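The values are calculated or read from the model by the stated rules, or taken from the named source; none is laboratory data. Every value quoted in this text rests on a predicted model; they were computed, and no experiment measured them. Cβ coordinates were reconstructed from backbone atoms using ideal geometry, including for glycine residues, and neighbour counts include every protein chain displayed. Accessible surface areas use protein heavy atoms only, side chains included; no ligands, DNA or RNA. Shrake-Rupley method; radii C 1.70, N 1.55, O 1.52, S 1.80 Å.
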Amino acid sequence: MTIEVCGVVLAAGEGQRLRPLTELVPKALCPVGNLPLLDHALRRLAGLGLTGPDTVAVNAAYLADQVVAHVGDRTHLSVEPDGPLGTSGGVARMKNWIGGRGALVGNADAYLVDPFRDPGKDIAALLEGWSGDTVRMLTLPCRDGESGGFSGRRFTGFSLLPWRYIRDLADVDSNLVRTVWRPAEAAGELELIGYQGFYLDTGTPADYLAANLHVAGGDALIDPSATVTGTVTTSVVGAGAQVAGTVTNSVIWPGATVTADETLTNVIRAHNGLTVPTR
């Protein structure tokens with residue numbers, strides 16, 4: 001029997017660790033490899049055949065208007081007007097829309113790449129052979145000295161939740177660790193699915209830069225609409241950006257400017273001139 005599953009992308013967070021960048025743009029819309037993080041997640045769900053507002057939902061709270069405008073009619077939208085409800089409350093707010101289905105829930109700030117599998121195919125193991133009763137979590141081994149994981153493994157951005165867990169969630173500020181993952185672990189109902197690729201939580205400027213440089217693959221990734229008269233090395237340059245200076249190991253956001261007298265290294269330059277160091 002095939003269990004019906006919908007996709008949910010959590011995009012409501014404030015991105016406090018990524019400030020001051022997230023004072024301009026919600027974390028979910030920060031570009032990685034010139035594609036907003038949210039679109040990386042939606043592309044991954046699409047690779048599993050999950051598309052459209054009947055099948056995929058996105059939540060929004062912080063700078064919600066930007067998320068709503070960006071998503072348009074591509075997905076169902078769940079807006080939390082009084083502020084983010086956390087990962088658990090965000091899913092609970094969508095219970096009527098989920099409507100008895102299982103939910104493949106992903107964090108918008110998760111950066112995942114499998115060099116051997118296309119987006120979606122790389123997390124397909126979460127769905128394969130699923131009974132509809134267990135909680136599944138995409139994982140990698142914990143790093144040396146890392147604590148708080150699950151049987152020596154760490155969460156890598158996506159989990160699969162059965163309806164019987166979703167239906168009992170409360171529409172209050174809470175997180176899935178407390179309301180689903182740990183209870184499922186205690187009940188022997190948590191299945192840890194190994195991820196075969198590369199994962200980063202892009203929550204800090206350093207990790208956000210690292211994700212961008214990973215996309216660039218040691219080269220310069222420059223949007224065709226950018227104007228570059230300076231020198232760009234191992235960096236990402238966004239649409240409409242103008243670079244006349246020297247840029248190394250950095251991210252230049254769409255519409256940003258680097259003047260001829262500037263040398264930028266290990267920074268993120270936003271469209272309003274804001275420059276955020278990563279070291």
With every protein chain present, what is the per residue accessible area of the stretch 25-81 (1.4 Å probe, Å²)?
36 Å²
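When the dipole is taken about the Cα centre of the stretch 120-279, and only Lys, Arg (+1) and Asp, Glu (-1) are charged at their Cβ, what size is it in debye, to the nearest 20?
The calculation lands at about 100 debye.
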Spacing of the two label points (7 Å from each Cα toward its C-beta) at Thr233 and Glu128, in nm
4.3 nm
Provide Rg over Rh for the stretch 137-279; use the alpha carbon set for both Rg and the Kirkwood Rh (inverse mean inverse pair distance).
1.15
Using a 1.4 Å probe on the protein chains only, how many percent of the accessible area of the stretch 3-135 belongs to carbon and sulfur?
48 percent
Separation of alpha-carbon centers, the stretch 97-155 and the stretch 244-279, rounded to whole Å
34 Å
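Under the rule of -39500 (n - 2.57) per DSSP H run of 4 or more residues, summed and divided by the residues of the chain, what mean residue ellipticity at 222 nm is obtained, to the nearest 500 deg cm²/dmol?
The helix-only estimate for the chain comes to -4500 deg cm²/dmol at 222 nm.
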Just to confirm my numbers, what's the Cα centroid distance between the stretch 1-39 and the stretch 179-226 in Å?
11 Å
Given Cα positions, please report Rg to Rh for the stretch 57-213, the hydrodynamic radius being the Kirkwood one.
0.95
In 5 Å bins starting at zero, report the fraction of Cα pairs in the stretch 3-56 per bin as a rounded %.
5, 19, 24, 20, 14, 10, 6, 1, 0
For the stretch 34-73, just the Cα atoms, rotate onto the principal axes and tell me the three extents in Å, largest first.
29, 26, 13
Please report, in whole Å³, the volume per residue of the convex hull around the C-alpha atoms of the stretch 154-217.
119 Å³
Could you state the orientation-averaged shadow area of the convex hull built on the Cα atoms of the stretch 219-279, in nm² to one decimal?
3.3 nm²
Going by alpha carbons, how many degrees (0 to 90, nearest 10) lie between the helix axis of 205-216 and the longest principal axis of the chain?
80 degrees
Using the Cα atoms of the chain, I'd like the radius of gyration and the largest Cα-Cα distance, Dmax, both in angstrom.
19.2, 64
